[in-house]
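First the structure, in the form of structure tokens, and then the observations on it.
The values are calculated or read from the model by the stated rules, or taken from the named source; none is laboratory data. From a predicted model like this one, the values you see are computed outputs, not experimental measurements. Cβ atoms come from the backbone with ideal geometry, glycine included; neighbour counts cover every protein chain shown. Heavy atoms of the whole protein, side chains included, go into the accessibility calculation; ligands, DNA and RNA do not. Shrake-Rupley method; radii C 1.70, N 1.55, O 1.52, S 1.80 Å.
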Amino acid sequence: MKKSFNIAVLAGDGIGPEVMQEAIKVLHALEEKSGIAFHFNEALIGAAAIDATGDPLPPATLEACLEADAVLFGAIGDPKYDNAPDLKVRPEQGLLGLRKALGLYANLRPVVCYPALVQASPLREEIVSGTDLLIIRELISGIYFGQPRGRSEDGNTAFDSCVYHRDEIERIAHLAFGYAKGRRGKLTLVDKANVLATSRLWRETVTAMAPSYPEVQFETLFVDNAAMKLIQQPTAFDVVLTGNLFGDILSDEASVITGSLGTLASASVGIETSLFEPVHGSYPQAAGQNRANPMAMVLSAAMLLESLGLTAEAGHIRQAVDAAIQAQVMTEDLMQGKASTTEVGDFIARYISERAMTSNF
Ligand code: NAD
Ligand code: IPM
Ligand code: MN
């Protein structure tokens with residue numbers, strides 16, 4: 001079994017570097033006890049990369065990702081770009097360009113209600129309790145990438161194109177049926193087939209595939225209805241398959257079930273090296289203040305380990321995050337937590353180090 005792994009580390013902007021520091025701390029704690037070695041290769045992305053090189057995705061960063069066993073990604077984005085819509089170069093192009101270049105067509109966003117966090121959600125306990133769903137968001141096509149896009153010459157009209165090819169739908173649908181088979185056997189396709197031609201192609205394509213997966217109960221739901229059902233009865237969902245934009249919006253909505261966007265991790269998988277990223281952004285209001293929740297980033301590192309076959313080690317991260325929640329070592333976004341970013345990371349790393357002595361790594 002391989003014992004040494006190269007990880008490209010793209011911390012990015014805002015709270016990205018702070019939460020990344022905690023994930024690396026946790027991975028170091030695992031390294032010390034498990035005999036596994038991680039070689040971290042830091043690279044620039046987003047606004048930090050624009051400041052340093054003028055390019056949100058410098059060629060050296062893409063190269064580092066292609067050479068790595070996995071990519072750990074923090075967050076990108078800066079208010080100086082958010083409030084200047086005319087700028088041609090933007091931090092988000094770094095992330096979108098990287099996803100496209102690596103062919104990361106599927107973004108897996110698990111949403112789980114931790115028993116110790118049922119009170120953290122503004123939704124009632126009987127609604128959120130037992131939630132365990134997986135949003136599978138198409139990540140490199142649809143309205144995010146379709147051509148043509150832009151402005152008319154007089155600047156008064158703007159347009160984006162939503163484009164999907166049947167092949168793009170089939171490859172992610174196979175993946176989604178596979179995940180549903182391995183879980184509770186239910187797949188919900190979320191679309192807007194009553195209005196959009198692309199959604200009608202999704203519905204036609206995925207419905208035609210369903211008979212090949214007889215062990216999966218397949219259903220379809222319009223996105224407006226899904227947005228309501230997701231917080232009305234989240235336990236009714238197992239795997240949710242949807243396009244790029246709907247998946248972006250529904251996953252932030254689903255974070256309300258867990259209590260905070262600061263807990264949601266994700267894996268972006270496809271053709272080249274997989275990338276692991278929190279669902280949240282650069283949360284500029286908290287940048288540099290040691291108060292952002294590092295759990296989404298740390299749990300993204302756990303998903304990274306699982307993808308490398310290091311399931312026991314990933315399990316230790318999950319156990320340690322659970323323990324932090326049980327011990328109320330949480331940041332302010334969860335139940336008026338009093339801990340700082342670094343205190344949460346320290347607790348998780350220490351828990352791993354101490355448990356590791358009695359476990360069978
Ligand atoms: P955001 O996800 O950064 O923050 C939205 C809200 O979520 C915050 O106000 C906060 O209440 C909460 N939150 C987010 N992360 C948290 C954490 N770790 N701990 C505690 N609370 C947390 O979204 P935004 O404010 O809409 O966007 C800010 C910037 O981030 C923009 O530039 C945007 O483009 C970028 N962005 C980047 C990514 C990414 O890198 N993947 C994702 C979303 C947004
Ligand atoms: C996300 C973010 C990105 C997206 C932005 C920053 C490009 O919101 O990762 O969810 O929309 O995909
Ligand atoms: Mn988003």
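Quick look at the numbers
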{"quantity": "Rounded percent of accessible protein surface that carbon and sulfur make up, the chain, 1.4 Å probe", "calculated": "52"}
{"quantity": "Solvent-accessible ranking of MET209, MET335, MET228, largest area first, probe 1.4 Å", "calculated": "MET228, MET335, MET209"}
{"quantity": "P(r) weight above 18 Å for the range 5-158, C-alpha pairs, percent", "calculated": "70"}
{"quantity": "Solvent-accessible surface (1.4 angstrom probe) belonging to GLU31, in square angstrom, nearest 10", "calculated": "40"}
{"quantity": "Burial ranking of peptide ranges 57-65, 183-191 (average Cβ count within 10 Å, highest at the top)", "calculated": "183-191, 57-65"}
{"quantity": "Where a label projected 7 Å from the Cα of GLN119 along Cα→Cβ would reach, residues of the range 312-334 with amide N under 20 Å", "calculated": "321-334"}
{"quantity": "Label-point separation in nm, PHE40 to MET228, each point 7 Å along Cα→Cβ", "calculated": "4.7"}
{"quantity": "Residue-level accessible surface for TYR283, protein heavy atoms, 1.4 Å, Å²", "calculated": "100"}
{"quantity": "Restricting the range 34-143 to trypsin sites (Lys or Arg not before Pro) in coil, as DSSP defines it, with at most 13 other Cβ within 10 Å", "calculated": "LYS88, ARG124"}
{"quantity": "Debye-sum result for the chain in log10 I(q)/I(0), which assumes one identical scatterer on each alpha carbon, at q = 0.07, 0.13, 0.15 Å⁻¹", "calculated": "-0.30, -1.08, -1.42"}
{"quantity": "11 Å beta-carbon shell around ASN41, net charge (K/R +1, D/E -1)", "calculated": "-4"}
{"quantity": "Cα pair count fraction exceeding 18 Å, expressed as % - the range 27-115", "calculated": "55"}
{"quantity": "Residue among ALA176, GLY14, MET228 farthest towards the positive dipole end of the chain, charges placed on Cβ", "calculated": "ALA176"}
{"quantity": "For the range 122-258, the spread of Cα positions along each principal axis, largest first, Å", "calculated": "53, 40, 23"}
{"quantity": "Residues with amide H under 5 Å from that of VAL240, placed H, sequence gap 5 or more", "calculated": "LEU134, ILE135, ILE136, THR188"}
{"quantity": "Mean Cβ neighbour count within 10 Å, used as a protection proxy, ranking 288-300, 105-117 highest first", "calculated": "288-300, 105-117"}
{"quantity": "Cα-projected label distance for GLN328 with ASN156, points at 7 Å along beta-carbon direction, nm", "calculated": "6.1"}
{"quantity": "Linear extension gain, ALA52 paired with ALA208, 0.36 nm per residue minus alpha-carbon span", "calculated": "51.3 nm"}
{"quantity": "Per residue value of the accessible surface for the range 225-361 (all protein chains in place, 1.4 Å probe), Å²", "calculated": "37"}
{"quantity": "Kyte-Doolittle at least 0.0, axis length at least 15 Å by Cα - qualifying DSSP helices, the chain", "calculated": "244-258, 295-307"}
{"quantity": "Alpha-carbon spread of the range 207-361, three principal axes, descending order, Å", "calculated": "51, 38, 30"}
{"quantity": "Alpha-carbon centroids, the range 66-109 and the range 273-320: separation in whole Å", "calculated": "17"}
{"quantity": "Karplus 3J(HN,Hα) series, Hz, for the range 274-286 with 6.51 cos²θ - 1.76 cosθ + 1.60 (x for Gly, Pro)", "calculated": "6, 10, 10, 8, x, 6, 6, x, 7, 5, x, 4, 9"}
{"quantity": "Protein-only accessible surface order, largest first, of THR205, THR311 at 1.4 Å", "calculated": "THR311, THR205"}
